[in-house]
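Please treat every number below as a calculation from the coordinates, not as lab data. Model, not experiment: these values are computed from the prediction. Reconstructed Cβ throughout: ideal geometry from the backbone, glycine too, with neighbour counts over all protein chains shown.
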Amino acid sequence: RSSRAAGIGVAVYGCNPSFLYFNAQFAYESMALLIGLALLLLTVRWSETHDGVAQRGTRSLIAAMALLVCTLTVTHHMTSYAVLAVLVAWAVLTEVGKPPLNAANRDSLLETPALPAIMLGLAASVWFALAAGGGTVTELGDVLTGAIRSAVDLVFGGSGPKRPFEAGGQSNTWLARGIAVISVLSLLLVIPLGLRSVWRRAASDPLQRALSLLAILYVVTLGLRLTHNGTETSQRA
């Protein structure tokens with residue numbers, strides 16, 4: 001609920017390597033990201049206000065989450081898996097962070113992010129079985145095996161490292177390279193500070209902690225940029 005934090009988030013997202021050539025267009029993944037964020041926003045509302053709203057409002061929230069779950073699932077299967085991982089982490093951290101209470105005084109599990117997580121998990125499973133299974137296995141298999149093979153070749157001398165900022169016979173300008181390096185170094189500098197702030201603050205909520213864990217994955221994906229087959233994976237991630 002901070003306009004300043006929202007502005008910073010938009011600025012950081014707008015500087016990601018895929019924004020100009022992929023995320024700014026009207027396509028399956030860029031559309032799915034918007035739907036996924038809307039689902040997370042509704043989940044925030046569900047987690048914070050379900051105790052105080054009328055039954056009609058509760059049904060409206062459930063209906064809205066169900067609609068977004070189904071839409072997200074058929075729009076882009078990979079984004080639905082990513083959002084599902086966020087919801088599961090959020091639900092787990094919510095349960096872990098609860099003080100020990102009697103069973104009668106504890107909130108229902110379905111009054112937490114667990115409900116949309118279950119809904120999305122069921123929808124994604126059905127869509128995987130009916131339509132997206134083959135493509136998902138092939139896509140993830142090619143990405144993982146290609147990245148692992150490239151990493152092994154790099155470590156054991158089977159191939160040299162990929163030259164940064166060069167692909168397909170083209171290269172970036174020195175200005176573009178400098179901005180890219182500065183952006184990466186800036187993120188690497190602030191991520192540890194953010195993690196320290198979130199996890200040391202007793203009042204931080206489970207969603208903040210779940211999203212902070214995602215920031216660690218950004219650091220991990222940077223290593224893929226040194227391999228020939230991992231650059232696109234790192235960029236999309």
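General remarks:
- Other residues lying with their Cβ under 13 Å from the Cβ of Leu193 contribute a combined charge of +3, Lys and Arg counting +1, Asp and Glu -1.
- Charge sum, other residues only, whose C-beta stays under 14 Å from Met78's C-beta, Lys/Arg counted +1 and Asp/Glu -1: -3
- Of the peptides 79-87, 2-10, 182-190, the ranking by mean beta-carbon count within 10 Å, highest at the top, reads 79-87, 182-190, 2-10.
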